[in-house]
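All of the numbers you see were taken from the coordinates with simple rules; none came from a lab. On a predicted model such as this, the values are computed, not experimentally measured, just so you know. Every residue, glycine among them, receives a Cβ derived from its backbone with ideal geometry; neighbour counts consider all protein chains shown.
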Amino acid sequence: MASCRACNLKVLVAIVCGLQTAIIWGLGIWKSVIRIQRGNVILLNIYPTSSTPIEFCKNGGTWENGRCICPEEWKGWRCTIINFCENSTYENFTFDRIPVGRYGSSLQTCDKSTLNVGNPVATWLCSLNKYGEIELQNVSMGNCNENLETLEKQIVNISMQSQNISDETRILTSDASKLTPENITSATKVVGQIFNITRNALPEAKIVAVTTVSQLLDASEDVFQRAAAGGDNDATFAALIEQIETYSLSLGNTSVVEPNMAIQSVNSSSEGTVGSTGVLFTVLKGTRDSLISGSTVVKANLDKLNLNEQAELHILLNTTKTNAKACGFVVYQNSKLFQSKIFIAKSHFIQKIILSKTEENVEDQSTSVEVVFSPRYNEKEFQLHSYACVYWNFSLNNWDTHGCHKEGVIDGFLRCRCNHTTNFMVLMSFKKEYKYPDSLDVFSTFGCALSIAGLALTIILQVSTRKVRKTSVTWVLVNLCTSMLIFNLLFVFGIENSNKNLKTSHSDTGNTDLSNNEMSRQDTVVILNPTCTVIAILLHYFVLVTFTWMGLSAAQLYFLLIRTTKPLPQHFILFISLIGWGVPAMVVAVTVGIIYSQNGNNSQWELDYWREEICWLATQESSGLITSPLLWSFIIPVTIILISNVVIFIVIVVKVLWKNNQNLKSTKKFSILKKFLSTLSVAVVFGVTWILAYLMLIDNDGIRVTFSYLFCLFNTTQGLQIFILHTVRAKIFQSKAPEVLKSLSLTAGRVKVLPSMTPLRLCVRMYNMLRSLPALNERFWLLEPSILTKEMSSSESDQENPSI
């Protein structure tokens, strides 16, 4: 009768475990199917197939919006036509490859004894001759005893030495990578005075100054920001922009085109009269980011704007009532001279700025300027959200919308109209099309489901049998399992950002509210998700708690097995509890506090803590991994814990688990099996398998994918491994589990056995058969310090008394 009751309890154990596992598996399958269905729909809608192969663009070219965008050294439909001057020498100077339209710097630089140490001694221009052939011309020698600061002091004599000063400034700014904020400031002041009509600089010196400004615009955005932040440098930039405006009226019907800047004038001597109707200035699309000769076109006597698909920018200046004698146009390849304090650009798109100016500078309601932009951006990665028509307000030193309004979007062209002439731009804001990850999704869901079931059972049985164990190992294991259980639940049900399920449409071409011409604060619009922020904080906390308890488990096992002669420190349980739950909380609090203090003025500061793709720690794109919270608040602490755990694991394996003992009563086969399982159980609790994450960093796709699956297999099922190795193998589980389930069954009532119990009888028979196997019945025991200590003591006594 007692045996039948024991069998019923064992069957009940199997039923409860099976139901729990089936429910969690069912939830995992349902969630995975939903993910796959949503993922397929989103992928089909967002990423339509393209007939253009990835390898179509050669030599570093990229396929964007129906054409190849080539680097400066190449041109042509597929970026296969050479557009550079080969490595060359001139007298004693050596030059590397130079793109057409640019000056190359000599490899020889000024020596340490000169004022201009480190800067090139000479520059050489690579350009096209009148037959369209690429050739080197106009070699210029620099003065090693002049620098930008000394040239700035010579501004007072600029009318007499304008050509020399302009040439020296161009040579000193030829290598944009070496320019400092101080260099930018000095060069801006010098060229600003060269353009100043009151200085009477030579026309040739002004043309060289245009080249200098183009070279300055190659410097990094960070250098310009630091230059604008110092002193009254905003006024210095504004003065240069105003002088260039005036200069744009003085070129007659000619143009000056440099890679980052183009200036063109039209006066009354051109065909027809400038003031009769209107003047259209067009910037054509090219196969390169830089401007080239022929990329700008001017047409006079036009009364309306005809959109051209090959145009990147149109500006129609209506001169019907202004009677203008001349019109000037300027194109800036980027906005680095226009340092805004109210608009933050993070996307690094090339956004051209266009200037239109009339000689009389009439700024009343009779002046009409229509501007049309066809912005370049990655349409697969970004979706245009809204735009604002703005101009540069010199009194505010910032962008302003006064006198400008939107006229809608037609065929991808953003249309604006203003009632005055100045520098115009469209400030665009985008929604980023994030690629939410789905790889290893089903695999990880099943693994976590199994771990959740195993961890829950481990916690219940460890707590219910704590009085029998009377050891602190139970406390450490329960805390480890608790933190791991919460982390797995958060991972399965919370790590996905719910924003991925929001409906997006590429048919939207921006804000259709034409009456609203308000500027955005930044060019990337993100839908904030406070829930995702909370999940990221909790995931960060509980994964650190899990690793901390892994480290504490290793430290405790080291004290119990290696330093057996010394007792555990006083209040050991309280001490490790404060460390296990308190230290991770401090790390998370400090991380969130630092990020908030640095980005508190930004309403989207959370995205510097977690990433939009998943509710997990961010890796900042601008500065890379070095300054990201993923490194210093997760990878570094986890790496330290893993290194210490691996060291302790090796010591325990060598000195305890695989220590030679010739007097074991079991056979050699079962002895090796027992040692292997004991080693595996320690490795699982210590988290040794997490070192596979570092092998995923190998720069080989095949190896990386292999280790990704191994990492997922071993670590998502870590909770299940703990349950099998530390609970199922335990003798106390086999002896006490029936008693626990008996008490539960008495509370719930008697279990009525239905007539159709054939499947359950079969399960009982299989269970009894497994129990009859001595290998499974006697050798699957829990690796506990008390048992290990007894075995060590027995082994030592056997060695001291070999006769026993």
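Placing unit charges on C-beta atoms (Lys and Arg positive, Asp and Glu negative, everything else neutral), compute the dipole magnitude of region 248-433 about its Cα centre in debye, rounded to 20.
Once rounded to the nearest 20, the dipole reads 400 debye.
Starting with the highest mean, order 141-149, 525-533 by the number of other Cβ atoms within 10 Å, averaged over the residues of each peptide.
141-149, 525-533
Which one of LEU302, LEU291, ILE344 is farthest out on the positive end of the charge dipole of region 248-433, using unit charges on Cβ (Lys, Arg +1; Asp, Glu -1) and the Cα centre as origin?
The listed residue farthest towards the positive side: ILE344.
List LYS130, LYS431, LYS352 from most exposed to least, where exposure is judged by having the fewest other Cβ atoms within 10 Å.
Least to most surrounded, the residues fall as LYS130, LYS431, LYS352.
Please report, in whole Å³, the volume per residue of the convex hull around the C-alpha atoms of region 248-433.
Cα convex hull per residue, to the nearest whole number: 116 Å³.
Given the peptides 459-465, 307-313, arrange them by the average over their residues of other C-beta atoms within 10 Å, most packed first.
Descending mean neighbour count gives 459-465, 307-313.
Run the simple label-point estimate for SER644 and GLN154 please: 7 Å along Cα→C-beta, distance reported in nm.
6.4 nm
Residue separation times 0.36 nm, minus the C-alpha to C-alpha distance between LYS380 and LYS432: what's the value?
17.8 nm
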